[in-house]
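Before any comments, here is the structure.
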Amino acid sequence: MTTFKEIRGQLIRSVSSDPANPQLGEIWYNNTIGVLKGYKTIAAAWASGGNLNTSRYFVTGTGPQTAAIVMAGSISTPVPTATYTAASEEYNGSSWTNTPSLNTPRSAAEGFGASSSSAVCANGIQPAPTYAITASEEYNGSSWTSGSPTNLSVYAAFGTGIESAGLKGGGDNLPGVRRTNDVEEYNGTSWTTVNSMGAVSYYRRAIGTQTAAIVIGGNPPGPPYTNKSTEDYDGTNWTNGPNTVEVSTAGGTSGTSLAGLYYGGPSFTGATQSWDGTSWSLTSANMATGRNNFASGNGNSTSTAAWGAGGYLGGLSFTAATEEFTDAFNATRTLTTS
């Protein structure tokens, strides 16, 4: 039988305690507890979190995995006659808690903000004859306050950034299909129209900040669910970036312009795409429940600890399920024969 020494050129050490700084691939026998251990890479994975209290789709959110907030959305089907909600919920990394509702019920709004105690909800759609709206609101951890209206009434726009330095753009303006490439910045008080994106599209998503953002995918005029394009924003100008691997419309995002994730979308596979600052690639981890039009952390959660909640499952189905992403990491593990 081939021995470990013949394979690796060294014997397995017998030690009384685990080494303080093991090397990747190192194996040892802990004789104090009588187990074989090793230092290995744990693969990236999605895991179930706590369910939303209000199941919904076309829902928006923001914040890190342990201090997130969701707001607004649709709570019935089919889409043309759906009931829109003002419900808002906070997440502590384990469970969702109902918070005071928005002043204006809406669906397909955009959200941004650093955490569940500092968030913005803007735009969205209401039933006919109102359609797309300009209303924006701020949340301080205890209540929603109406803020300055946006310059353009849209729904299904992207949002990213923090409460005092937000960015939103794209979207649609019903009645009629009037998709836009308009972009606005928020300074915590008022909205300012800035340079437009290159692409006219809605259901785009974004990662990053007001001065360093990447806007991803979306649904342009014409055939739906075909877009893999991205655009980079430096606080002034827009430039085309590398395409994503898969079509990227109405999914979830997390991270920065240097390290981000895009997950879920129109195919309902739950595929997760990773951005390393240069290019996009597929990760080994898929969401357990493929979905689109769900809430995520956008630019205020990281590429190593993302989340997604609620969302549309196809047909007449939507969900309250939450999933949490953990990136690959190195750790000491007990080794077994199975």
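Tabulated values for the structure
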| quantity | calculated |
| --- | --- |
| Entirely in the range 192-300, the strands (runs of 3 or more DSSP E) that have 1 or more residues that are among the acidic types (D, E) and in contact with a strand residue (DSSP E or B) (Cβ under 7 Å, 6 or more places away or on another chain) | 230-233 |
| Scope the range 151-179; condition surrounded by fewer than 23 Cβ atoms within 10 Å (Cβ to Cβ) and within 19 Å of Q210 (Cβ to Cβ); matching residues | N151, L152, I162, E163, S164, A165 |
| Filter result for the condition that a residue is within 29 Å of N21 (Cβ to Cβ) and of a type in the set (S, T, Y), over T322, T253, T283 | T283 |
| Any chance T230 is more than 29 Å from T130 (Cβ to Cβ) and either outside the structural domain of W275 (by TED's automatic domain parsing) or crowded, with 17+ Cβ neighbours inside 10 Å (or both) | yes |
| Neighbours by Cβ (under 8 Å, 6+ apart or cross-chain): first from the range 291-302, not assigned by TED's automatic domain parsing to the domain that holds G255 and polar (S, T, N, Q); second in a loop (DSSP other than H, G, I, E, B) and buried (at least 24 other Cβ atoms within 10 Å of the Cβ) | none |
| Residue selected from the range 31-77 under the condition within 30 Å of L11 (Cα to Cα) and either touching a helix residue (DSSP H, G or I) at 6+ places or on another chain (Cβ under 6 Å) or charged (D, E, K, R) (or both), by the criterion surrounded by the most Cβ atoms within 10 Å (Cβ to Cβ) | K37 |
| Members of the range 80-101 found to be assigned to a loop (DSSP other than H, G, I, E, B) and small (G, A, S), listed by number | A82, A86, A87, G93, S94, S95, S101 |
| Qualifying positions in the range 232-244 - closer than 27 Å to F325 by Cβ and over 17 Å from the mean Cα position of the chain (by Cα) | D232, Y233, G241, P242, N243 |
| Residues of the range 192-211 satisfying the condition of being surrounded by 14 or more Cβ atoms within 10 Å (Cβ to Cβ), without any contact (Cβ under 8 Å) to a residue 60 or more places away in the chain and under 15 Å from S164 (Cα atoms) | Q210, T211 |
| Single match in G311, G290 (criterion: closer than 20 Å to G50 by Cα and surrounded by fewer than 24 Cβ atoms within 10 Å (Cβ to Cβ)) | G290 |
| Which listed residue, of T77, T66, T145, T104, is modelled with pLDDT of 95 or more, part of a loop (DSSP other than H, G, I, E, B), more than 22 Å from the chain's Cα centre (by Cα) and assigned by TED's automatic domain parsing to the domain that holds N298 | T104 |
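The values are calculated or read from the model by the stated rules, or taken from the named source; none is laboratory data. Just so it is clear, the model here is predicted, and its values are computed rather than measured. Ideal geometry is used to build each Cβ from the backbone, glycine not excepted, and the neighbour counts take in all protein chains shown.
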